[in-house]
Amino acid sequence: MATTTTTTAVRETGAPAGRSGAGTAGARVRPPRRTRRRRPNVLAGFGGFVWLAVIIVPVYYVVISSLRAQQGFFDSNPLSPPSHITFDNYSLVLSSGFGRYFVNSVVITLASVALTVGLSLMAAYAVVRGKGRFIRSAFAIFLLGLAIPVHATIIPLYYMITRVHLYDSLLALILPSIGFAIPITVLILANFIRDIPKELFESMRMDGATDLRMLWSLVLPLARPAIVTVGIYDGLHVWNGFLFPLILTQSPNQRVLPMALWTFQGEFTVNVPAVLAAVVLSTLPMLAAYLIGRRQLVRGLTAGFSK
């Protein structure tokens, strides 16, 4: 009889018999709260599609125009797909010394980026972890380099290059590229190294690690996103550089890809499809570099945004 009464009480109240009313009320299941659905941001979505169109339309025009024939190029609709696709423009570009220009650009870009990142990483580590009045004021010297425009230094730069007999050589393009890329690279890497906890440096210092060891084993792995970011950024500027090759080189053997576009420009006419084909081919290496390091690039660009 007692068992039957207890079971009936449990079924009616939803709790074992003998518990207080407060306990029974606390055991009741509360209904889930209704979450409000966020309204879609129509204005932001429309702006995103507009910006996508601004980016995609020029790329689309360059690609389809490089597949057109030179004859009747200006008579057709520039945004319509070509009725007859031809790869003669790419064949013309590849047979006009494109390989030599490509190798020169690769050598200059790789040498400039490697030396710039290596020197800037050591300089940024010295600025952040170094002690002394000169080292602390060195960061201001690097920031001063950001205020000097490239075009204002082209005449003294030309004079120095000619005095040291480096004119019309690849080294004449590598050294100025390094000098003008170091300030912004040091700024980015120094800000990234400051985010590394000081306890890690102190623990390695207690274990007897030198500055070179900490730079190699601690800073280099943790600063990889920033290194990839500045590497792609500096490489893009060197790869697309036009002023230094125009002023500091002369012979065709020392030309780079931006200078190679002059090959398809005559006195009265311009082979537009061939020029655009050369543009497409010269874009592929930097596009491949972005696809390989896109994850590290996004991490380096968004580092510190949540702080």
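The values are calculated or read from the model by the stated rules, or taken from the named source; none is laboratory data. This is a predicted model, so every value here is computed, not measured. We place every Cβ from the backbone using ideal geometry, glycine too, and count neighbours over all the protein chains shown. When the accessible area is computed, the model is the full protein with side chains, heavy atoms only, and any ligands, DNA or RNA have been set aside. Shrake-Rupley method; radii C 1.70, N 1.55, O 1.52, S 1.80 Å.
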Answer yes if at least one residue in the stretch 249-262 is touching a residue at least 40 places away in the same chain (Cβ under 8 Å), open to solvent by 30 Å² or more (accessible area, probe 1.4 Å) and small (Gly, Ala, Ser), and no otherwise. yes
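So which residues in the stretch 222-244 are open to solvent by 60 Å² or more (accessible area, probe 1.4 Å) and either of a type in the set (Val, Ile, Thr) or farther than 15 Å from Ser120 by Cβ (or both), if there are any at all?
Leu222, Leu236, Asn240, Phe242
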Within the stretch 187-202, residues open to solvent by 70 Å² or more (accessible area, probe 1.4 Å) and not in a helix (DSSP H, G or I) come out as Asp195
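Among what's in the stretch 164-178 and is of a type outside the set (A, V, I, L, M, F, W, C) and touching a residue at least 24 places away in the same chain (Cβ under 8 Å), pick the residue that is most open to solvent (accessible area, probe 1.4 Å).
Pass one, the stretch 164-178, residues of a type outside the set (A, V, I, L, M, F, W, C): 165, 167-169, 176-177.
Remaining after also requiring touching a residue at least 24 places away in the same chain (Cβ under 8 Å): 167-169, 176-177.
On the way: Tyr167: 74, Asp168: 43, Ser169: 30, Pro176: 7, Ser177: 19 Å².
Once the filter is applied, the top-ranked residue is Tyr167.
Name the helices (runs of 4 or more DSSP H) wholly within the stretch 236-301 that hold at least 2 residues that are at pLDDT 80 or above and under 30 Å from Leu220 (Cβ atoms)? Explain how you work it out, then say what you get.
Working: elements: 243-248, 257-260, 272-292.
Ranges flagged: 272-292.
Yes or no, residue by residue, for (1) part of a helix (DSSP H, G or I); (2) at pLDDT 85 or above:
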position: Ala25; (1), (2): yes, no
position: Arg36; (1), (2): no, no
position: Gly47; (1), (2): yes, yes
position: Val93; (1), (2): yes, yes
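Looking at the structure I just gave you, is Tyr158 hydroxyl-bearing (Ser, Thr, Tyr), open to solvent by 30 Å² or more (accessible area, probe 1.4 Å), touching a helix residue (DSSP H, G or I) at 6+ places or on another chain (Cβ under 7 Å) and closer than 29 Å to Trp239 by Cα? Outline the logic, then answer.
Numbers: hydroxyl-bearing (Ser, Thr, Tyr): yes; open to solvent by 30 Å² or more (accessible area, probe 1.4 Å): yes; touching a helix residue (DSSP H, G or I) at 6+ places or on another chain (Cβ under 7 Å): yes; closer than 29 Å to Trp239 by Cα: yes.
When the stated conditions are applied, Tyr158 passes them.
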Scanning the stretch 82-96 for residues that are of a type in the set (Ser, Thr, Tyr) and exposed (fewer than 14 other Cβ atoms within 10 Å of the Cβ) gives Ser83, Ser91, Ser95
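With respect to Thr116, determine if the residue is over 14 Å from Thr185 (Cα atoms) and either assigned to a helix (DSSP H, G or I) or open to solvent by 40 Å² or more (accessible area, probe 1.4 Å) (or both).
no
Among the residues of the stretch 119-172, which ones are basic (Lys, Arg), more than 28 Å from the chain's Cα centre (by Cα) and at pLDDT below 90?
Of the residues in the stretch 119-172, the ones basic (Lys, Arg) are 129, 131, 133, 136, 163.
Next, only the ones that are more than 28 Å from the chain's Cα centre (by Cα) stay: 131, 133, 136, 163.
Residues satisfying the conditions are Lys131, Arg133, Arg136.
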The correct count of residues that are over 18 Å from Val186 (Cβ atoms) and not in a helix (DSSP H, G or I) in the stretch 203-228 is 4
